[in-house]
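Novice: Starting off with a structure, shown below.
No lab work stands behind these numbers, since they all come straight from the coordinates. Small disclaimer: the values here were computed from a predicted structure and weren't measured. All Cβ positions, glycine included, derive from the backbone under ideal geometry; neighbour counts span all protein chains shown.
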Amino acid sequence: MKRIIFPLLLAGLLAGCGDNTDKPKESQSADTFAFDSSALKTVPLAADEIKDVSLAYELAPGTKFRYRLTSITEDKQSIVADTTISQTVLQTMSYLIDAEIKEVDQSKVFEVELKFAQIGVNADVNGNKVTYRSGTKLDSADKEKYTEYEAMINTPFSARVDRYGEILEILRADRIANKALEMRGYQDSLSSVEKKNYQLDLIEGALKPVVNQIFRKLTDRKVSKDSTWQMLQQPVELPIFRLNNLHQYKVTGFEKYNENKIAVIDVELISNIVVSPEAKRNGVTVTKPSYSGTGKFYFNVDKKLFQKVTTRTDLHLTMEMMAPTPSGMRKVKRIQNAVTRNILELL
């Protein structure tokens, strides 16, 4: 069985909430996926009114909350050889995610149970439109195409996260993996190693990226207005190049939203693209690559959670290499320009 690629979240960066003791309620709007990418409507607080604030996720067992996560990608690619082939992909992926804190240990590491209540996809590939919404009736071809999404709906999994947002472990992903394999008819035909690899693909490609959007690692220091810090990220290894990413943060101020105090944080992604030695040996050249990003985080100081997060990443890349074409070996150029926006909203 080939390894499954989960096209859920590809970007590294990235409205109120009811009583935490209540079960998250279904949205009453006509479209539960209708997102708001604008700035949070808040009232500024005086600079000396609040300071030395912790950005830790200090959550009590039984706390329940719901997020809407929207990921919007516009990806334009061209391959120039004997002829030019162009592709434009516009994609919006939407998730409603229910979460509950199950337990907190003595070191304040908490286990959170998460469940996808709804998933929606709207895509346009060179004018060919694709739509998926969980809960709708699918034909056999669409069932095969969206098996992983169908398996994820209302199937809970868990994550262990420390108070500062470090994701330590994804638990119970086998529930989703086994359900998807059963739907595909592979449950009895795969080896234990193949099943394990499939589950790891599911965790790294679909589940962990979502958890990373909800619980972001910030700082273990208390912050005030104009506090700054930076965090070096794990390098992202890709077939042609490596991304070395640095996140820079600044608390621009504190504001009030529905009687809650909000820390407003500006974020910038600074990236360095390093072409791999193997790619260079194979004659691959990368011209003026750039990967950058910005974000605005609204951390609810009273609820100990993000109220809202908006991020944008931009990738611009031109690569050239020798490749076989109908007229023989010749230089082929690939040009890619991609923009991804993520919007996380506490409901």
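Novice: Run the simple label-point estimate for Val332 and Arg281 please: 7 Å along Cα→C-beta, distance reported in nm.
Specialist: Inter-label distance under the simple model: 2.1 nm.
Novice: Read through the labelled values (1) 28, 53, 17, 2, 0; (2) 28, 59, 12, 0; (3) 26, 56, 17, 1 and report the label of the one computed as P(r) over Cα pairs in 20 Å bins from 0, in percent from the structure.
Specialist: Among (1) 28, 53, 17, 2, 0; (2) 28, 59, 12, 0; (3) 26, 56, 17, 1, the one calculated here is (3).
Novice: Packing-wise, with mean Cβ within 10 Å as the measure, how do 193-200, 308-315 rank, highest first? The partial results should precede the final answer.
Specialist: Values: 193-200: 15.5, 308-315: 21.5.
By packing density, highest mean first, the sequence is 308-315, 193-200.
Novice: A further question on this structure: Show me the GluC sites (Glu not before Pro) within the stretch 219-287 that DSSP assigns to loop and that have at most 14 other Cβ atoms within 10 Å of their Cβ.
Specialist: Passing sites in the stretch 219-287 are Glu259.
Novice: If one computes P(r) from the Cα atoms of the stretch 136-202, what percent of pairs lie at distances over 21 Å? Don't jump to the answer; show the numbers that get you there.
Specialist: Numbers: 739 of 2211 pairs.
Summing the P(r) of the stretch 136-202 above 21 Å gives 33 percent of all pairs.
Novice: Across 5 Å bins from 0, what is the distribution of all Cα-Cα pair distances for the stretch 41-181, in whole percents?
Specialist: 2, 8, 12, 14, 14, 13, 12, 10, 7, 5, 3, 1, 0, 0
Novice: Provide the gained length on full extension for the span Leu90 to Arg242, in nm with one decimal, where the gain is 0.36 nm per separating residue minus the Cα-Cα distance.
Specialist: Numbers: separation 152, 0.36 × 152 = 54.72 nm, distance 2.54 nm.
Extra length from Leu90 to Arg242 when fully extended: 52.2 nm.
Novice: Also: Let's see if you can work this out: charge +1 on each Lys and Arg Cβ, -1 on each Asp and Glu Cβ, no other charges. What is the dipole magnitude of the stretch 52-106 about its Cα centre, in debye to the nearest 20?
Specialist: Computed charge dipole of the stretch 52-106: roughly 260 debye.
Novice: Testing the spin-label approximation: label points 7 Å from Cα along Cα→Cβ at Glu103 and Asn126. State their distance in nm.
Specialist: Label-label distance for Glu103 and Asn126, simple model: 5.3 nm.
Novice: Which FRET efficiency value, to the nearest 0.05, is calculated for Val80 and Asp201 with the Förster distance at 30 angstrom and r the Cβ-Cβ distance?
Specialist: Details: r = 33 Å, r/R0 = 1.08.
With R0 = 30 Å, the Cβ-Cβ based efficiency is 0.40.
Novice: Take the alpha-carbon centre of the stretch 312-330, take the same for the stretch 249-267, and report the distance between them in whole Å.
Specialist: 43 Å
Novice: Extension gain Ser191-Asn272, at 0.36 nm per residue separation less the Cα-Cα distance, in nm?
Specialist: 25.2 nm
Novice: Thinking of the stretch 262-316 as a set of Cα atoms, what percent of all their pairs are more than 14 Å apart? Write down the numbers at each step before the final one.
Specialist: Values: 958 of 1485 pairs.
Across the stretch 262-316, Cα pairs with separations above 14 Å total 65 percent.
Novice: Give, in nm to one decimal, the length gained when the segment between Asn260 and Lys51 is fully stretched (0.36 nm per residue of separation minus the Cα-Cα distance). Walk me through the intermediate numbers first.
Specialist: Details: separation 209, 0.36 × 209 = 75.24 nm, distance 1.47 nm.
Result for the pair: 73.8 nm of gain on full extension.
Novice: Would you work out the relative contact order for the stretch 42-141, in percent, from Cα pairs under 8 angstrom that are 6 or more residues apart?
Specialist: Values: 164 pairs, mean separation 22.5, N = 100.
Relative contact order comes out at 23 percent.
Novice: A further question follows. Report, in debye and to the nearest 20, how large the dipole of the stretch 248-347 comes out about its Cα centre when Lys and Arg carry +1 and Asp and Glu carry -1 on their Cβ. Provide the component values of the computation, followed by the final result.
Specialist: Working: 16 positive and 9 negative charges, 74 e Å.
Computed about the Cα centre, the dipole is about 360 debye.
Novice: Suppose only helical runs count, i.e. DSSP H with n ≥ 4. What mean residue ellipticity at 222 nm does that imply for the chain under -39500 (n - 2.57) per run, divided by all residues and rounded to the nearest 500 deg cm²/dmol? Before the final figure, lay out the partial values.
Specialist: Working: 6 runs with 46 residues, N = 347.
Taken over the chain, the calculation gives -3500 deg cm²/dmol.
Novice: Now for a separate question. Evaluate the charge dipole of the chain about its Cα centre and quote only its size in Debye, nearest 20, assuming +1 on the Cβ of each Lys and Arg and -1 on the Cβ of each Asp and Glu. Write out the running numbers ahead of the final one.
Specialist: Values: 49 positive and 45 negative charges, 140 e Å.
Magnitude of the dipole: close to 680 debye.
Novice: Additional query: Once the dipole of the chain is set up with Lys and Arg at +1 and Asp and Glu at -1 on Cβ about the Cα centre, which of Val223, Ser54, Leu315 lies farthest towards its positive end?
Specialist: Towards the positive end, the residue furthest out is Leu315.
Novice: Turning to a different aspect of this structure: Among the lysines, which have Cα under 20 Å from the Cα of Lys256 when same-chain residues fewer than 8 positions away are ignored?
Specialist: Lys41, Lys51, Lys222, Lys225, Lys296, Lys303, Lys304, Lys308
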